[in-house]
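Okay, so here's the structure we're looking at.
Every number in this text was worked out from the coordinates using simple rules, so none of it is lab data. These numbers come from a predicted model, not from an experiment. Don't worry about glycine lacking a Cβ; one is built from the backbone with ideal geometry, like all the others, and counts go over all protein chains shown.
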Amino acid sequence: MNEKLERQIETAAEIIAAAQHVAVLTGAGVSAESGVGTFRDAQTGLWARFDPQQLASQEGFAADPGRVWRWYMHRLDMVQRARPNPGHVALAALEAMTPTFTLITQNVDDLHERAGSRNVLHLHGRIERFHCNGCGLPYTLHPQDRDAPMPPTCTFCTDYVRPSVVWFGELLPAHELAEAQRAAGTCDVFLVIGTSGVVYPAAHLPRIAKRRAAPVIEVNPEESALSDMADIWLSGPSGELLPRLLEAIRLRRAGQANVS
Ligand code: BV8
Ligand code: ZN
C-alpha cells in the first residue's frame, strides 16, 4: 500500500475513533468483491443489452413483465450465491465498537445482515422480498417461481407480483429515508463506500453532513460524483481498505482506553 494511502488511512482512523456517531452510506461497490455485480456492470451476458434503469421501473415492468421478472430472479440467484466480503465484516465490527452507528445502504442484497450488521437502513428495498404490484399484498416466493417465464400473480387481485425494491420514479420508504437524513444531520463523521453517487435522494445524504461540516470520508477505487465533496478519498477496494481502516481504529481506541 502506498505511503499517501497509509497516511490517509491514519487520518481517517483518528477522526472515526474519536467519533460518537458514525454514519455510513454504502452502494453496490461494497458487494462487488462478493461477486455481486454493481448495478451497471451487473449487465453481463444476456443482460448486457438492457439498460438497468429501464428494467428497474414501472414502465419496464409494464412493457415486459417476464423480462423484468427473469432479470430479478437472475440477480436474486447471484445474491444468494454470494458471501459477505471482508468489507461487510469490517463494517459490522465497526458498528459493534461505535457508540452510535447508522448503516444506510442503497443495496437490495442482505450481505450486510449476513456479515453481522444489526440495524441496516435499506433505502432501495430488499430483493429477497416480494409483494403484489397492484394491491401490495406480501408474497412468499415459491421454488417454481425462480425459473418461471412470467411473474407470479397475486392471489387476491391477480395483478403481477414484483420484488420489494424501489424502482426509478418510485418513492423511497419514508421511515428509512427520514432516519438516514436524521443520521446525516447529526453524525460526527459520514463514510461513503462503493457508490457512484448518481442516484437521488440517497446521493444527497453526504451533502447534508458536509453542510454541517461533518467530515466526509469516501472509499472507492474510482472517482465518484461525491469525491469532490469528500474530505478524504481512500482510493481502493472496500474489501481491502475497510479491514485496514478498522485495524487502525482499533489501535487508536486501545490507545485511548490506556490513557483514560
Ligand atoms: C425518486 C433498486 C421521486 C432497484 C435502485 C435527474 C436528476 C436527479 C434525479 C433524478 C433525475 N431524473 C430522475 C431522478 C430521480 C431518480 C434518480 O436519481 N435518477 C438518477 C439515475 C439520475 N431517482 C429515483 O427515481 C428515486 N425515486 O426520486 O422518486 C418521486 C417524486 C415524486 C413522486 C414519486 C417519486 C428512486 C431511486 C432508487 C432506484 N433503485 N435500486 C434495483 O436494484 O433493481 S438504484 C440502483 O442504482 C442501486 O440501488 C444503486 O444504489 C444505484 C446505483 O447503481 P451502481 O452505480 O451500480 O452502484 P453504485 O452507484 O453503487 O456504483 C458502483 C460504485 O462502486 C462505483 O462508484 C464503483 O467505482 C464502486 N466500486 C466498484 N468496485 C468497488 C467499488 N467500491 C468499493 N470497493 C469495490 N471493490
Ligand atoms: Zn394484489
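Evaluate the relative contact order of the chain (contact order divided by residue number), counting alpha-carbon pairs under 8 angstrom at least 6 apart; express in whole percent.
On the way: 445 pairs, mean separation 66.3, N = 260.
Once divided by the residue count of the chain, the mean separation gives 26 percent.
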Next on the checklist: Explain nothing, just compute: Karplus ³J(HN,Hα) = 6.51 cos²θ - 1.76 cosθ + 1.60, θ = phi - 60°, for every residue of region 177-182 in order, whole Hz, x for Gly and Pro.
Outcome noted: 5, 5, 4, 5, 5, 5
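Have a look at the DSSP beta bridges in the chain and tell me what percent are antiparallel, nearest 5. List each step's numbers first, then the result.
On the way: 8 of 30 bridges.
Bridges in the chain that DSSP calls antiparallel: roughly 25 percent.
Show me the three semi-axes of the equivalent ellipsoid for the chain, from the C-alpha gyration tensor (sqrt of 5 times each eigenvalue), largest first, rounded to whole Å. Mind dumping the intermediate values first?
On the way: eigenvalues 253, 65, 56 Å².
Here the semi-axes work out to 36, 18, 17 Å.
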Next on the checklist: Given an 8 Å cut-off on Cα distances and at least 6 residues of separation, report the relative contact order of region 115-260 as a percent.
Outcome noted: 16 percent
Checklist outcome for this item: Spelling it out for ASN133: with amide H atoms placed in the peptide plane at 1.01 Å from N, the residues 5 or more places away or on another chain with amide H under 5 Å from its amide H are TYR160, VAL161, ARG162
Next on the checklist: Just want to confirm a number: the relative contact order over region 41-157, from Cα pairs under 8 angstrom separated by 6+ residues, in percent.
Outcome noted: 24 percent
Item to check | THR100 paired with GLU59, simple spin-label distance in nm, labels 7 Å along Cα-to-beta-carbon | outcome: 4.1 nm
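Using 0.36 nm per residue, how much length does the chain from ASN258 to ARG211 gain when fully extended, once their Cα-Cα distance is taken away?
Values: separation 47, 0.36 × 47 = 16.92 nm, distance 3.45 nm.
Going from the current span to full extension adds 13.5 nm.
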Checklist entry - Can you sort SER238, SER117, SER34 so the residue with the fewest Cβ neighbours within 10 Å comes first? => result SER34, SER117, SER238
Item to check | Spin-label model distance (nm) - ALA18 vs GLU128, 7 Å beyond Cα toward Cβ | outcome: 4.0 nm
Checklist entry - Suppose R0 equals 41 Å; then what is the FRET efficiency for LEU171 and MET150 from their Cβ-Cβ distance, rounded to the nearest 0.05? => result 0.95
Checklist entry - Applying the Karplus parametrisation 6.51 cos²θ - 1.76 cosθ + 1.60 with θ = phi - 60° to the phi angles of region 155-160, what ³J(HN,Hα) value in whole Hz is obtained for each residue in order, glycine and proline being reported as x? => result 5, 9, 10, 6, 6, 6
Item to check | Karplus-derived 3J(HN,Hα), 6.51/-1.76/1.60, for each residue of region 165-175, Hz, glycine and proline x | outcome: 10, 8, 7, 4, x, 9, 6, 6, x, 4, 5
